[in-house]
Every structure is written in structure tokens, then in C-alpha cells.
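Before any comments, here is the structure.
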Amino acid sequence: MKLASRRWSKIAAKIKVDPERPWNDPFADLSEAAEEVRGHYRRLSSIDFQGTLLAKWVLDSLDAILKVLMRQIAHPPSGAEEFISTVVDDLKPLITWVGGFFPADRPAKGHHLSDATANLAVFGLDALDKGWPDIAQTCAETIERIADNVGGKISAYNLADIHVDLEVIARAGERTAGKAFAANVRSMISLPANLDQDSQKHHLEARATRFAQLDEAVSKAGRRPYSMKADPAERLHAFFEIHPQR
């Protein structure tokens, strides 16, 4: 993960506007690299890692690249602001490839799954914080795709954990992107098809439990003496501090 982050940080550090050709897109080389990376992760997603730690390392490396691209969007080089759409257009397809590592035809390991969707939730919060709801929407749609693929193969509580990550994006979106955005994200929270009545009840109880735990975690967040940047509840609490209820 660190190697991927350093390599992409070096590429990003070289981005600058050519004063003699200000019409040239300064992100062109970065965009070309992003296209190569998409192909790389497309190939990796076809591999069944069988729940090994290698799968987590691959996803962590992808997460590191996404963060480098987000930093370019949040802090573009001077004069490059008008070309930011290039980076956004490269970032969103890369986000969707997180879902490619959780296809419907393979078993899903709970800890890899929860790490991946939690990272997407945090990334969605970062996007909303910077004023890019379309990127947050892509994060939510990718989480929804993962839930659709694995929902029938995991426990009710593991699925509820995924639904919590969608709810985190929805709650943040209510503050910055509006109620329609939040409602759209919440519409992505659904149960697997063909559940009998008892199973539906169990899933709904699991979701209610996890949502109550989210409420409690957010209410108690911000008290730890150390950083919890990867914790969606902690990040949602911090988001609320920056974006108070209107």
C-alpha cells in the first residue's frame, strides 16, 4: 500500500501547468496512468484470493491510489482548477473496481468485506466534505453493488454493517448535498431477494441493532486521544462538527 501511495504521490508531485501552453491538460499523464491502473485492477479482480491477506493488501493499494487522486481534486496545482474534471472522471471508475473484488460467484470474507465498505464510506464523507456529491454517489453505488453481490451469502449482521456504511453517507449527505441525495442513498439499503418472513424479521432486527450502535458510536466519538481516520462513526462525528445541522 505504501509503495503504491508513494509512486502515485511522485506522479502527482510532477503535475503543473505549462505557462507556455496553458490550454494543455496538466493531468493528462496522471489520466494515462489511471487508465493503466484500471486495467491492472480489472485483471486482479478476476483472481480468487480465497479470503487471504493478499486480497486486503490489493484493496489497500487501490484505496491509497484513490486518496492520491482525491488530494489532487481537493488541492489542485495553481492554474489547474479548470481541468479537475479529468481527475474526477478517472477517479469514479476506479472506485467502482472495489466492487469487482466481491463478485456474486465467490465467498465473501467478513473482515475484508467490512474494511472495504468502511473505506468507501469514509471516502464518500471526504468527497461530500470537499463538495463532490457525485463522487460520494459513486461510493454509495459501489457499496450497494457489493451488498447485492454478497448479501445472500453473509450473515444478517454482516449485511447490516454494509447498510450502516450506506447510512453514514446518507447522514453526511443530508448536511451538505440535501435530502434528495440522502433519500437516494437510503433507497440502496435493501434485503436479499426471496427471504422468508422469519429471515426478513431477523435481518431487519440486525439492521436496527447496527443503526442503534451507530447512533451510540457517533454520540461518543471524538473522545479518543488517538486518530481513528478509518472509522466511519468517528469520521461522521468529525463531519458533523464541520458541517452543523442547518
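Points to keep in mind about this one:
- Screening region 52-105 for residues that are out of contact with any helix residue (DSSP H, G or I) (no Cβ under 7 Å at 6 or more places or on another chain) and not in a helix (DSSP H, G or I) and picking the one that is nearest to G152 (Cα to Cα) gives D105.
- Failed criterion for D161 (all others in (1) assigned to a helix (DSSP H, G or I); (2) of a type outside the set (S, T, N, Q); (3) under 21 Å from P93 (Cα atoms) hold): (3)
- Taken as a whole, the condition of being surrounded by 15 or more Cβ atoms within 10 Å (Cβ to Cβ) and over 17 Å from the mean Cα position of the chain (by Cα) does not apply to L204.
- Qualifying residue in region 12-21 (condition: at pLDDT 75 or above, outside any helix (DSSP H, G or I) and open to solvent by less than 30 Å² (accessible area, probe 1.4 Å)): yes
- Some residue of region 137-157 being part of a loop (DSSP other than H, G, I, E, B) and open to solvent by 60 Å² or more (accessible area, probe 1.4 Å): yes
- In summary, T209 fulfils each of the numbered conditions (1) open to solvent by less than 80 Å² (accessible area, probe 1.4 Å); (2) of a type in the set (V, I, T); (3) within 21 Å of the chain's Cα centre (by Cα) with the single exception of condition (3).
Yes/no matrix, rows are residues, columns are (1) crowded, with 18+ Cβ neighbours inside 10 Å; (2) within 20 Å of the chain's Cα centre (by Cα); (3) at negative phi:
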{"residue": "Y41", "(1), (2), (3)": "yes, yes, yes"}
{"residue": "L54", "(1), (2), (3)": "no, yes, yes"}
{"residue": "V58", "(1), (2), (3)": "yes, yes, yes"}
{"residue": "S78", "(1), (2), (3)": "no, no, yes"}
{"residue": "S85", "(1), (2), (3)": "no, yes, yes"}
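- When residues of region 90-110 are limited to those that are in contact (Cβ under 8 Å) with a residue 40 or more places away in the chain and among the charged types (D, E, K, R), the one surrounded by the fewest Cβ atoms within 10 Å (Cβ to Cβ): R106
- Note on region 22-48: residues that are over 30 Å from P77 (Cα atoms) and modelled with pLDDT under 80 amount to 0.
The values are calculated or read from the model by the stated rules, or taken from the named source; none is laboratory data. Note that the coordinates shown come from a computational prediction; the quantities given were computed from them, not determined experimentally. Note that we place each Cβ from the backbone using ideal geometry, even for glycine, and neighbour counts take in every protein chain shown. When the accessible area is computed, the model is the full protein with side chains, heavy atoms only, and any ligands, DNA or RNA have been set aside. Shrake-Rupley method; radii C 1.70, N 1.55, O 1.52, S 1.80 Å.
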